[in-house]
Amino acid sequence: MDVLGLRAWAVSDPAVLKTLLTSPDVSKDGRTHYPAFQQTISTWPLALWIAVQSMLTAYGADHRRLRRMVAPAFSARRIAELKPTIRSMVAELIDDLAAVPDGQVVDLRERLAFPLPIAVIGHLMGVPEDQRDGFRQIVDRVFDSTLTPEQAQANAARLYERIDQLIATKRSDPGDDMTSFLIAARDEESAGAGFTDQELRDTLVLMINAGYETTVNVIDQAVFAMLTSPGQLHLVRTGQATWDDVVEETLRHEPAIKYLPLRFAVTDVKLPDGQIISAGDPILAAYAAANRHPEWHGPDADTFDVTRRVKDHLAFGYGVHFCLGAPLARLEVAEALRQLFERFPTMSLAVPAAALQPIPTLISNGHRELLVHLRPAE
């Protein structure tokens, strides 16, 4: 597959993909295992995805070291403690929506899907209120695969300026938040065991990017699915399915990330059909296609079905790189759906479903706008 001028293996067979995602013969460390790394990061629009130095791109012992320091921030206890905060955040957004006059068109991506994850990740990481909007604009462009290399580099520079500002703020005024926790881990670990300065910066980049954009898209797609599948919504309203079922089927049917760049073959890797991924070749994880593979979910894999017995998916990755924030994302989306459809039971799309345009990226999976009528006009 051609990925913006870079040739890569796009793997969509779920069995093959799972094998590659758990194989020591496949790495996310382009610095070590991608011969064209230096040339690529200077010219490729998605360079930030392979250039960062965090657990996203780490391999082996380095990955275990970095993940060990981040994992406590996503413990079951910490996520449980966030439940009332998230419930309150959603309620405030829903109250704001309730003030919209009957029949008026509302963009739910802008009014709910965007602000909720920004508020949650801002709270979790201790991002001051006056810094959050700036992060949103920059993160949007991190996922935009239509940027030129020059535009992407300029956006990355702005992102690091914001990250450095956040680090400086939390060094001078630490709190009970993830950024302060990670700074302490950087400062307190023994030599060689903690974060380097760049790993700290890039870990914060990862937390903000992963905690924001992906959840936006899952909320977007889950609401869209309910509004275009009234029979599925009826199953939830009559107790035959739960909002958790909706979240899992959305993650399977329309995952937030379609393609995730990149992994690299450490050695020659032989595929089941006999093809060889040569050492150093880039590999693109085609999560969206794998989730709908008929050998995994049967001939109706393309059908959205909240009662599907097996809703397994790769939306949060697989293996050692499985997303630490998965429980938090699930919590946010389920709470947003529950309150939204309880408050606005007659909500409907304001335009034909086909008129909603996808966001311009091969990475993320969402709509430019999600236009609805919360209530019919009187």
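For K270, tell me the accessible area in Å² from a 1.4 Å probe, rounded to the nearest 10.
Surface open to solvent at K270 totals about 150 Å².
Based on the alpha-carbon set only, what is the convex hull volume of the stretch 293-365 divided per residue, in Å³?
167 Å³
In a shell of Cβ-Cβ distance under 9 Å around E335, excluding E335 itself, what net charge do Lys and Arg (+1) and Asp and Glu (-1) give?
+2
Measure of size requested: the Rg and Dmax of the chain, with Cα atoms as the atom set and Å as the unit; please supply both.
Considering the chain through its Cα atoms, Rg and Dmax are 20.8, 67 Å.
Determine the order of R65, R330 by accessible area, beginning with the largest, at a probe radius of 1.4 Å.
Largest accessible area first, the residues go R330, R65.
What fraction of the Cα pairs in the stretch 140-299, stated in percent, has a spacing above 20 angstrom?
That fraction is 69 percent.
Could you tell me the calculated FRET efficiency between D302 and Q131, based on Cβ-Cβ distance and R0 = 56 angstrom, to the nearest 0.05?
0.85
Would you mind working out the accessible area per residue for the chain, using a 1.4 Å probe, and quoting it in Å²?
43 Å²
Rounded to the nearest 500 deg cm²/dmol, what is the calculated helix-only ellipticity per residue at 222 nm for the chain, with -39500 (n - 2.57) per DSSP H run of length n ≥ 4?
Calculated from helices alone, the mean residue ellipticity at 222 nm is -16000 deg cm²/dmol.
Please report, in cubic angstrom per residue, the volume enclosed by the convex hull of the alpha-carbon atoms of the stretch 221-338.
Here the figure is 113 Å³ per residue.
Which of rounded, prolate or oblate describes the stretch 74-178 when judged by the alpha-carbon gyration tensor and an a/c cut-off of 1.5?
In terms of gyration-tensor shape, oblate.
On the full set of protein chains, 1.4 Å probe, figure out the accessible area of S75 and give it in Å² to the nearest 10.
40 Å²
Given a 1.4 angstrom probe, I'd like the percentage of the accessible area of the chain that is carbon and sulfur, rounded to a whole number.
52 percent
List the residues whose amide H sits under 5 Å from the amide H of V3, counting only those 5 or more places along or on another chain, with H placed 1.01 Å from N in the peptide plane.
Amide H to amide H, under 5 Å and 5 or more residues apart or across chains, V3 pairs with A8.
Going toward the positive end of the dipole of the stretch 167-295, with +1 on Lys and Arg Cβ and -1 on Asp and Glu Cβ, which of T179, A286, F264 do you reach last?
A286
The values are calculated or read from the model by the stated rules, or taken from the named source; none is laboratory data. Not measured: the values here are computed from a predicted model. No Cβ is skipped: glycine too gets one built from the backbone with ideal geometry, and neighbour counts run over all protein chains shown. To get the accessible areas, we keep the full protein, side chains included, count just its heavy atoms, and leave off ligands, DNA and RNA. Shrake-Rupley method; radii C 1.70, N 1.55, O 1.52, S 1.80 Å.
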